[in-house]
Amino acid sequence: MIAIIDYGMGNLHSVSKAVERLGCEALVTSDPERILAADGAILPGVGAFGDAMANLHATGLADTTKEYAASGKPLLGICLGMQLLFTESEEHGEHQGLDLLPGRVVRFQGNYKVPHMGWNDLIFKQESPLFKGVKPGHVYFVHSYHALPERESDLLAVTDYHQPVTAIVGRGSVFGMQFHPEKSGEFGMTLLRKFTDMTVGKTNWTF
Amino acid sequence: MLAKRIIPCLDVKDGRVVKGVNFVNLRDAGDPVELAAIYDREGADELVFLDISASVEGRATMVDVVRRTAGEITIPFTVGGGISAVEDMKRLLRAGADKIGINTAAIRNPDLITDGSRTFGAQCIVVAIDAKFNAEWGEWEVYTHGGRNATGIRALAWAKEAERRGAGELLLTSMDADGTKDGFDVALTRAVSSSVGIPVIASGGAGNADHFADVFAEGQADAALAASIFHYKEVSVQEVKDKLRGKGVNVR
């Protein structure tokens, strides 16, 4: 079972439906016990960083998410959920994140359109079970802030939007996707399947 | 590199697609969910549902359509039409819509843009602008109520205000080009797109694949929307994309 962590932000329905379409059981839940018992967990999120962290703390789910990550079971942050994995963000003031990955989330700055909205292609930076055997393709992004991981080894894939933009991050069993795999057509579903495969032991972690 | 988006638009009334559609092998030509799934398979980058229901019951039905669609397709979709409160937005977003389009209600109450953006994030709020050239002004004027009512508001100024208030994107329809099939309004699109820092979807006037190339290259549009040429199979999404690729436009 894959727990979709419900802390009152974002479009949980699409994520849970996408997981179900891959043949996995999905449970949208805010119950720490059920989250901790899950084979995999997804931290979704749409909206502002500060509000999301406030909700995660108010519901106690910040601690639950950290505890889950420490268990070594696969965790996937999507969009804002990915950004929350980092140390801090400058979105509408300074905010502390979950600090599962060291790094900072900053606003796009430059003479170009923000949000970065639409389909952009991935460039894989290093091997990962999350896209082993998969050819890079287009995925759907929509964000005004982007993550700057401190460790290059955490940066698994980027996309190009006037600069290299963090697209997939990962360390151990903690992963994040800046784009929406559940909104990225067949290719997005393939990436999501790679994640769900990890939760049912189909992944060979040595690569 | 960011791809240019092709967006089919479906008019939905009381939970049914209206205006003709001409697909083969459809179980039910009026089912928005089935049509959405077909466009997804054909390579559409996003979809727009325009709810033209006039009744409360019709609008309630839309929530169900949105919920079923979200479970069926793997691309983002926007719902517009008759949304006049943050509570309406919440209901549709919770049901699985990715973005909310607001038009007349935003003119009447611009705070709706601000409040929606603050509550759900800018990426959720699409401000739809229906514009028509006003020869006296030498620029475009905003219309509401499906293009029936002139507002006296200048389209460029309104586009900038919508951005300032937190719109994540603009859906710009040319009343002059709409229905002509003579091509998008390139001048209008370029004027708006070059004066705002958010993406602009061009709408109105698509008659063939070349028109899309024009509005991307000369009109500086980030996305282009069309209805009837796709519904009547005059050209498919894939044909438009092949044409664009041939002209060096980056598409998915």
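Listing for the model above:
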item: Single unsatisfied condition, A:Met9 versus (1) within 14 Å of another protein chain (Cβ to nearest Cβ); (2) farther than 24 Å from A:Thr87 by Cα; (3) open to solvent by less than 60 Å² (accessible area, probe 1.4 Å); result: (2)
item: Any helices (runs of 4 or more DSSP H) falling wholly within the stretch A:24-93 and containing at least 3 residues that are over 19 Å from B:Arg94 (Cα atoms); result: A:32-37, A:49-58, A:61-70
item: Restricting the stretch A:54-81 to residues that are under 26 Å from A:Ser184 (Cα atoms) and among the aliphatic types (A, V, I, L, M), the residue that is surrounded by the fewest Cβ atoms within 10 Å (Cβ to Cβ); result: A:Ala69
item: Extreme residue, farthest from B:Ile229 (Cα to Cα), among residues of the stretch B:159-188 that are open to solvent by 10 Å² or more (accessible area, probe 1.4 Å) and not in a loop (DSSP other than H, G, I, E, B); result: B:Arg164
item: Any pair with Cβ under 8 angstrom, 6 or more apart, that starts in the stretch A:172-186 at a residue that is acidic (Asp, Glu) and ends at one that is part of a loop (DSSP other than H, G, I, E, B); result: A:Glu182/B:Thr74; A:Glu186/B:Thr74
item: Enumerated strands (runs of 3 or more DSSP E) restricted to the stretch A:132-207, each holding at least 2 residues that are away from chain B (no Cβ under 14 Å); result: A:145-149, A:155-160, A:164-171, A:174-177
item: Matching residues, the stretch B:111-127, being within 11 Å of chain A (Cβ to nearest Cβ) and either over 18 Å from the mean Cα position of the chain (by Cα) or in a helix (DSSP H, G or I) (or both); result: B:Ser117, B:Arg118, B:Thr119, B:Phe120, B:Gly121, B:Ala122, B:Gln123, B:Cys124
item: Of all residues making up the stretch B:218-235, the number that are within 14 Å of chain A (Cβ to nearest Cβ) and either touching a Cys at 6+ places or on another chain (Cβ under 7 Å) or under 16 Å from B:Val196 (Cα atoms) (or both); result: 5
item: Number of the exception - A:Val106 against (1) within 30 Å of A:Glu25 (Cβ to Cβ); (2) within 17 Å of the chain's Cα centre (by Cα); (3) surrounded by fewer than 23 Cβ atoms within 10 Å (Cβ to Cβ); (4) not acidic (Asp, Glu); result: (1)
item: Matching residues in the stretch B:38-62 - criterion: being open to solvent by less than 20 Å² (accessible area, probe 1.4 Å) and either within 12 Å of chain A (Cβ to nearest Cβ) or within 14 Å of B:Cys9 (Cβ to Cβ) (or both); result: B:Tyr39, B:Gly43, B:Ala44, B:Asp45, B:Glu46, B:Leu47, B:Val48, B:Phe49, B:Asp51
item: Some residue of the stretch A:87-101 being open to solvent by less than 30 Å² (accessible area, probe 1.4 Å) and within 14 Å of chain B (Cβ to nearest Cβ); result: yes
item: Meets criteria (surrounded by 23 or more Cβ atoms within 10 Å (Cβ to Cβ) and in contact with a strand residue (DSSP E or B) (Cβ under 8 Å, 6 or more places away or on another chain)) for B:Ala191; result: no
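For every residue, the table says whether it meets (1) crowded, with 21+ Cβ neighbours inside 10 Å; (2) within 19 Å of B:Gly43 (Cα to Cα); (3) at pLDDT 95 or above.
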residue: A:Ala157; (1), (2), (3): yes, no, yes
residue: A:Gln163; (1), (2), (3): no, no, yes
residue: A:Thr166; (1), (2), (3): yes, no, yes
residue: A:Val174; (1), (2), (3): yes, no, yes
residue: A:Gln178; (1), (2), (3): yes, no, yes
residue: A:Ser184; (1), (2), (3): yes, yes, yes
residue: A:Gly188; (1), (2), (3): yes, yes, yes
residue: A:Leu191; (1), (2), (3): yes, yes, yes
residue: A:Thr199; (1), (2), (3): yes, no, no
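The values are calculated or read from the model by the stated rules, or taken from the named source; none is laboratory data. Predicted model only: the values in this text are computed from it and were never measured. Neighbour counts are summed over all protein chains in view; Cβ atoms, including those assigned to glycine, are modelled from backbone coordinates with ideal geometry. Areas reflect the complete protein model, heavy atoms only, side chains present, ligands, DNA and RNA absent. Shrake-Rupley method; radii C 1.70, N 1.55, O 1.52, S 1.80 Å.
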